[in-house]
1. Say R0 is 41 Å: what FRET efficiency, to the nearest 0.05, do residue 383 and residue 101 get from their beta-carbon distance?
2. By its C-alpha gyration tensor, with a ≥ b ≥ c as the square roots of the eigenvalues, how is the range 299-397 shaped: rounded for a/c under 1.5, else prolate for a/b larger than b/c, else oblate?
3. Pop the C-beta distance of residue 78 and residue 446 into the FRET formula with R0 = 60 Å and round what comes out to the nearest 0.05.
4. How much accessible surface does residue 78 have with a 1.4 Å probe, in Å² rounded to 10?
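The values are calculated or read from the model by the stated rules, or taken from the named source; none is laboratory data. Keep in mind that this is a model prediction, so the values were computed, not measured. Neighbour counts run over all protein chains shown; Cβ positions are idealised from the backbone, glycine included. Accessible surface areas use protein heavy atoms only, side chains included; no ligands, DNA or RNA. Shrake-Rupley method; radii C 1.70, N 1.55, O 1.52, S 1.80 Å.
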Amino acid sequence: MAGKDDINKQSVSAVKWSALGSIAQYGLSLGAQIILARLLGPENYGLFAMGIIVLAFSSFLSNFGFAWGLIQIQDLTTYDIRFAFTWQLISGGLVAAMLYTFAPEVAGYFNEPRVDPIVRWLSLACLISAITAPASNLLRRNLDFRWINIIQVISYSIAYLVIGIPLAYYGAGVWSLVAAWIAQAALTLILTFIRHPHSIKPLFWYDGAKAMSGVGFTVFVTNLCNWGLDNLDRILLGRFLDSNAVGLYSVGYNLATTPNKLLIGALQPAFLTAGAKFQSEPERLRRAYLPVLASVWVLITPLFAMFAIVADDLVGFLYGEAWQSTALVLAILALSMPVYIIWAMSTPILWNTQRKHLESLLQLPILVLSGWALYVFAHQGVVVVALIAAASLGARSVLITTAACWRLKIKLRHLLPFFARGWAMTLLVAYGTFAGVELGEIAGRCFGAQLTHLGGGMAHVKLDLIVRASLHLLPLMGGVFFGIGMLVLVVWVFPHLLGNQVLGMLARFSPRFTPKLQG
């Protein structure tokens with residue numbers, strides 16, 4: 001029992017550190033991406049996005065999945081680590097070479113010759129990512145999320161703040177993004193290996209290789225399917241439209257998914273690693289899974305609803321008029337993010353109940369349907385592509401969550417209270433956000449008129465920029481303040497409305513909620 005209690009404490013500590021790291025990374029990422037977007041514009045972002053799509057696919061091929069076995073295997077040995085590293089290095093090297101060789105064909109597919117050298121340079125990041133994976137997953141296995149997040153924050157800060165932004169300022173264009181990406185990958189490799197060094201002596205086969213390869217193959221197929229579902233929108237958008245459209249869509253996509261991915265990065269690895277230690281105890285998995293579902297519906301869904309409502313003012317204030325077309329893309333995708341989180345937190349249940357193959361099997365029909373819909377309708381523009389992507393996320397979430405609930409014998413009646421509370425909280429937060437935006441717009445118009453009247457001596461261009469910024473900033477601040485205010489009001493004043501599952505989750509991180517839970 002003591003061992004299980006230690007695992008629970010480690011899991012809570014891992015989530016706390018992941019949450020802190022995610023907040024820090026989100027702040028850094030948002031600040032750096034705003035500056036880079038304003039310096040570079042949609043076209044350069046579109047070129048880089050085309051290269052990253054191919055790099056993501058290549059990284060899945062190069063990682064293959066050997067390193068993930070280091071998390072799943074119950075009794076880990078040095079042979080397991082050596083075998084995983086050897087084949088990560090081999091597969092990473094082969095895929096990087098293929099990516100470098102076929103870069104002209106990639107550029108030809110996108111009808112954009114400038115993508116060719118970008119892909120060639122990014123092939124280096126493919127190899128670096130592959131050989132980083134073993135040490136990184138060993139840290140995850142040990143629930144050492146404190147150092148995982150420290151490494152991510154340090155590598156991102158140096159790569160983007162010290163390298164990327166100065167290069168963009170001095171006119172390097174898309175190459176500032178390429179340099180920052182490769183620098184971050186290299187720094188992550190160095191720091192991760194320093195934190196968890198391991199043997200790099202080659203090992204091509206051993207007695208446990210078949211089991212390790214089986215896990216690797218399943219991870220490979222699953223990642224390949226997920227890569228297709230996550231990237232088909234930009235693949236076909238880049239084919240049928242231009243780099244400017246891809247840039248506009250990618251910024252909206254990144255704005256919507258960055259907090260989501262950071263949240264998943266904070267929760268999923270700890271959930272997967274801790275769950276792997278309880279593979280033979282479905283009841284413990286069930287007790288861990290239900291509070292996660294409840295918390296997403298009741299606490300996270302309202303925040304993404306607020307995010308969607310303020311999307312227009314957020315884009316207008318942070319990025320400027322050149323990026324305004326991305327606001328609707330952001331709003332659509334933000335509304336689909338809660339189901340994306342539920343999908344991500346349901347997949348570890350399948351992996352830890354010996355049904356890991358279901359993740360790819362259930363999603364293949366969605367991949368086919370999404371591919372058909374995007375091929376037929378992508379030429380109609382970024383908004384249609386965003387709608388198809390959101391529908392795909394919803395379908396994936398329903399199928400995978402249903403399968404996870406089936407494995408843990410969770411019935412619909414267990415979930416209905418979460419849905420009801422989630423909808424109620426979302427409506428309350430949406431009402432507060434709309435009210436805040438409306439008040440902000442009124443204040444913005446009054447402030448702008450007053451400033452125009454009093455600013456006779458101010459330079460016309462500077463005055464115009466201040467007035468336009470205020471027209472977006474005040475509604476944005478009002479919407480966020482009143483939206484979050486409604487959520488905080490319920491959490492702190494009427495916590496019993498959240499339900500015991502959510503209170504139980506909150507009590508793990510704040511003792512204040514424990515008496516409410518017991519009551």
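1. Result of the calculation: an efficiency of 0.65.
2. oblate
3. That gives a FRET efficiency of 0.30.
4. Around 90 Å² of this residue is reachable by solvent.
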